[in-house]
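Below is one structure, written out as structure tokens, with a few remarks after it.
The values are calculated or read from the model by the stated rules, or taken from the named source; none is laboratory data. Just so you know, these numbers come straight off a predicted model, no measurement behind them. We place every Cβ from the backbone using ideal geometry, glycine too, and count neighbours over all the protein chains shown. The area values use the complete protein model at the heavy-atom level, side chains included, leaving out ligands, DNA and RNA. Shrake-Rupley method; radii C 1.70, N 1.55, O 1.52, S 1.80 Å.
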Amino acid sequence: MLKIGGLQKVTLLDYPDKLAATIFTQGCNFRCGFCHNPELIEINADTKTLTEEEVLRFLDKRKNVLEGVCFTGGEPLLYKDDLSKFIEKIKTLGYLIKLDTNGTDPQILKQLIDQKLIDFIAMDVKTSLDNYEEVVATKFDVSTIKASIDIIMASGLEYEFRTTVMPRYHSLETIEKIAKLIKGANKYYLQNFRNTKTLNKDFQNDLGLTEQELEKMKNIALKYVKDCQIRK
């Protein structure tokens, strides 16, 4: 069953050029120390959650105002068929769907695309493939990252890739490796690390990058992708 940890009733930021609501799912298979949604990492039976029915009632009331619904987390694709069934219900209300994913389940991702259940995909590319397990603090099949990238770029849907960058993990060489991984991508965003809230408290002693450092990374990425922008 889908565990909904939160609902942002209106956002102008999460779905580009759309007035949207954002659904936060509980549970993630990564343990990134810099995660800014640490309360959504674990699937916690004691945490108050929203039911699908509550969310659907809200969306039904706002369907003439809102244009899109964003699914983020946590990692929404952990819910597999439960997620697709819920999206189907939202789609009947006329909404566009944006999915945020870490790219570890290319099979379910392709299934959602093939079923025409999503309209926009945002994938976090945490780092270069050779350093992934260190950054996400868990072991997994790293080949799923490249598979998801390829599926997204071939999907014909709107999409973006993004990396939260911080001195601890990201050098100019790292950014070049990531940019090569997503070579030809339409949109790539560099998001500067913020230490205000993190899964690992030690990361609150880390600092973000300077504007000059971010610009250097952007220029490296632009050798390989069509558009790269900085989100501060």
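Percent of accessible area on the stretch 1-160 owned by carbon and sulfur, 1.4 Å probe? It would help to have the intermediate numbers written out before the result.
Numbers: 3720 of 7330 Å².
On the stretch 1-160, the fraction of accessible area on carbon and sulfur atoms equals 51 percent.
Which of the residue pairs K139/K223; K85/K110; K18/K216; K63/K98; K18/K61 have a Cα-Cα distance greater than 26 Å in the structure shown?
On the way: K139/K223 31 Å; K85/K110 15 Å; K18/K216 30 Å; K63/K98 16 Å; K18/K61 17 Å.
Violating the 26 Å Cα-Cα cut-off are K139/K223; K18/K216.
Grab the beta carbon distance between L93 and Q229, set R0 = 30 Å, and tell me the FRET efficiency rounded to 0.05.
Numbers: r = 31 Å, r/R0 = 1.05.
Efficiency for this residue pair is about 0.45.
Write out the trypsin sites (Lys or Arg not before Pro) in the stretch 15-53 meeting two conditions: DSSP loop, and at most 16 other Cβ atoms within 10 Å of their Cβ.
Values: sites: K18, R31, K48; in loops: K18, R31, K48.
Listed in order of number, the matching sites are R31, K48.
Accessible area per residue of the stretch 73-225 at 1.4 Å probe, in Å²? If you can, show how the numbers build up before the last one.
Values: 6960 Å² over 153 residues.
Ligands and nucleic acids excluded, the result is 45 Å² per residue.
Can you figure out the FRET efficiency of L56 with K197, using R₀ = 30 Å and their beta-carbon distance, to the nearest 0.05?
Working: r = 30 Å, r/R0 = 0.99.
The computed FRET efficiency comes out at 0.50.
Through the Karplus equation 6.51 cos²θ - 1.76 cosθ + 1.60, θ set to phi - 60°, convert the phi angles of the stretch 188-203 into ³J(HN,Hα) values in whole Hz; use x for Gly and Pro.
For the stretch 188-203, the Karplus curve yields 9, 10, 9, 9, 5, 4, 10, 9, 6, 8, 9, 5, 8, 4, 4, 5 Hz.
Of all DSSP beta bridges in the chain, what percent run antiparallel (nearest 5)? Please report the intermediate quantities before stating the final value.
Numbers: 6 of 33 bridges.
Approximately 20 percent, going by the DSSP bridge assignments.
May I ask you to compute the full-extension gain from E176 to L207, defined as 0.36 nm times their residue separation minus their alpha-carbon distance, rounded to one decimal in nm?
Working: separation 31, 0.36 × 31 = 11.16 nm, distance 2.14 nm.
Full-extension gain reported as 9.0 nm.
Out of all DSSP beta bridges with both ends in the stretch 1-85, state the antiparallel percent to the nearest 5.
Values: 6 of 11 bridges.
Counting DSSP beta bridges with both partners in the stretch 1-85, the antiparallel share is about 55 percent.
If I model a spin label as a point 7 Å beyond the Cα along the Cα-Cβ vector, how far apart are those points for V142 and L129 in nm?
About 0.8 nm separates the two model spin labels.
Give the carbon-plus-sulfur fraction of the accessible surface of the stretch 186-232 in %, rounded to a whole number; probe 1.4 Å, heavy atoms of protein chains only. Please list the in-between numbers first.
On the way: 1300 of 3000 Å².
Roughly 43 percent of what the probe reaches on the stretch 186-232 is carbon or sulfur.
Residues in the stretch 187-209, backbone N under 11 Å from the label point at R168 (7 Å along the Cα-to-beta-carbon vector): list them, ranges by number please.
194-195, 198-208
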